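Below: one structure, written as structure tokens.
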Amino acid sequence: MTDAAAVSPVFELRPQSGRAIRTPKTAELVAAKLRSMIVDGELKDGDHLPHEAELMEHFAVSRPTLREAVRVLEAERLVEVRRGSRSGARVCVPGPEVVARPASLLLELSGATVADVFVAREAIEPAAARILAETGMAEAYDELERLLDEEVPAAFAAGDFGPAAARFHLRMVQLSGNATLALIAGMLHEIFERHTGNIARERAISDAEASQQRYKLFVRSLRKLIKLLREHDGEGAAEHWAKHMRTAQAMLLAGNEDTQVRDILN
């Protein structure tokens, strides 16, 4: 029995154009099955794949075919292979960072500006605030409050307030539980974090008093958001966060509207 026949029946259909439909390689079929096991939770983050001999017997494939399948998953960042290790491949469930860098590169190549990024964030974050207010649990609100009470003040005192502010924005979207919004926010996070950090540091140096005032307004706005979240006021949370973002955008974009993404990331 061939590798391909062991994993799945092989057919070659010819469409009207006369071109043969490409039959997946056996290694791709094995990779697809392992990928499904990861997605379905049969294999969890940190788990090691079974030993080669066990997988070869399970799929009835050769060692080269199995290793090619594992390389496919490694390229997708779904498994991590430590060369020379006896433990084999380890499942490594990726986060938004896997797509963040390619997405950032596409934004750089397209000539996208910081203003483009802010408009996108303004479209998704109020929606996330609404969802979090309507469906969130006390634990999520407590986490945001801890960020506001501990991480944000510590970062401001250290003169590095921007990244902490960006972290609050990202975590709020993640806690909404909407995986699609969280993925988009994660893709845009590095750009927003770098720009916010640069602007915050520049302004803290040039005008410490005004920087202190902006910080107080920021904290007050975040406390109001958390209050609305705890009240499960979806409409109020969305409206408040949209207003917050418009105000922040006006301050952070002033004079930087045409700054390109590539100038921030490079």
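The values are calculated or read from the model by the stated rules, or taken from the named source; none is laboratory data. Since the model is a prediction, treat every value here as computed from it, not as a measurement. Here Cβ is always computed from backbone atoms with ideal geometry, including for glycine, and neighbour counts include all displayed protein chains.
Tally up the residues in the range 139-181 that are exposed (fewer than 15 other Cβ atoms within 10 Å of the Cβ), over 13 Å from the mean Cα position of the chain (by Cα) and small (Gly, Ala, Ser), please.
The qualifying residues number 4.
Select from the range 30-53 the residues that are out of contact with any Pro (no Cβ under 9 Å at 6 or more places or on another chain), over 15 Å from Arg90 (Cα atoms) and without any contact (Cβ under 8 Å) to a residue 12 or more places away in the chain and list them in ascending order.
Ser36, Asp40, Ala53
On the basis of being of a type in the set (Gly, Ala, Ser), assigned by TED's automatic domain parsing to the domain that holds Pro102 and under 25 Å from Leu109 (Cβ atoms), does Ala182 make the cut?
yes
Somewhere in the range 215-235, is a residue touching a residue at least 40 places away in the same chain (Cβ under 8 Å), closer than 29 Å to Pro94 by Cβ and in a helix (DSSP H, G or I)?
Yes.
Looking at (1) under 22 Å from Ile124 (Cβ atoms); (2) touching a residue at least 12 places away in the same chain (Cβ under 8 Å), can you tell me which one Asp160 breaks?
Only one criterion in (1) under 22 Å from Ile124 (Cβ atoms); (2) touching a residue at least 12 places away in the same chain (Cβ under 8 Å) is unmet by Asp160, namely (1).
Might you check whether a residue that is touching a residue at least 60 places away in the same chain (Cβ under 8 Å), part of a helix (DSSP H, G or I), among the aliphatic types (A, V, I, L, M) and under 17 Å from Gly159 (Cα atoms) occurs anywhere in the range 250-263? Lay out the reasoning, then the answer.
Residues of the range 250-263 that are touching a residue at least 60 places away in the same chain (Cβ under 8 Å), as a first pass: 252-253, 256-262.
From what's left, part of a helix (DSSP H, G or I): 252-253, 261-262.
Keeping just the survivors that are among the aliphatic types (A, V, I, L, M) gives 252-253, 261.
Still in the list and also under 17 Å from Gly159 (Cα atoms): 252.
Looking through the range 250-263, at least one residue is touching a residue at least 60 places away in the same chain (Cβ under 8 Å), part of a helix (DSSP H, G or I), among the aliphatic types (A, V, I, L, M) and under 17 Å from Gly159 (Cα atoms).
Within the range 42-59, track down each residue that is over 24 Å from the mean Cα position of the chain (by Cα) and surrounded by 16 or more Cβ atoms within 10 Å (Cβ to Cβ).
Matches in the range 42-59: Leu49, Leu55, Met56, Phe59.
Of the residues Val81, Val91, Val119, Val72, which single one is surrounded by 15 or more Cβ atoms within 10 Å (Cβ to Cβ), within 21 Å of the chain's Cα centre (by Cα) and among the β-branched types (Val, Ile, Thr)?
Sole residue among the options that is surrounded by 15 or more Cβ atoms within 10 Å (Cβ to Cβ), within 21 Å of the chain's Cα centre (by Cα) and among the β-branched types (Val, Ile, Thr): Val91.
Checking Leu175 against (1) at pLDDT 90 or above; (2) within 23 Å of Ala254 (Cβ to Cβ), which single condition isn't satisfied?
Failed condition: (2).
Given Leu78, Leu105, which one is touching a Pro at 6+ places or on another chain (Cβ under 8 Å) and on the phi < 0 side of the Ramachandran plot?
Being touching a Pro at 6+ places or on another chain (Cβ under 8 Å) and on the phi < 0 side of the Ramachandran plot holds for just one of Leu78, Leu105, which is Leu78.
Kindly list the number of the only condition in (1) more than 28 Å from Val98 (Cβ to Cβ); (2) of a type in the set (S, T, N, Q); (3) modelled with pLDDT of 65 or more that fails for Gln16.
(3)
Is one or more of the residues making up the range 3-12 in contact with a Leu (Cβ under 7 Å, 6 or more places away or on another chain), more than 30 Å from His189 (Cβ to Cβ), among the hydroxyl-bearing types (Ser, Thr, Tyr) and modelled with pLDDT under 85?
Scanning the range 3-12, I find at least one residue that is in contact with a Leu (Cβ under 7 Å, 6 or more places away or on another chain), more than 30 Å from His189 (Cβ to Cβ), among the hydroxyl-bearing types (Ser, Thr, Tyr) and modelled with pLDDT under 85, so the answer is yes.
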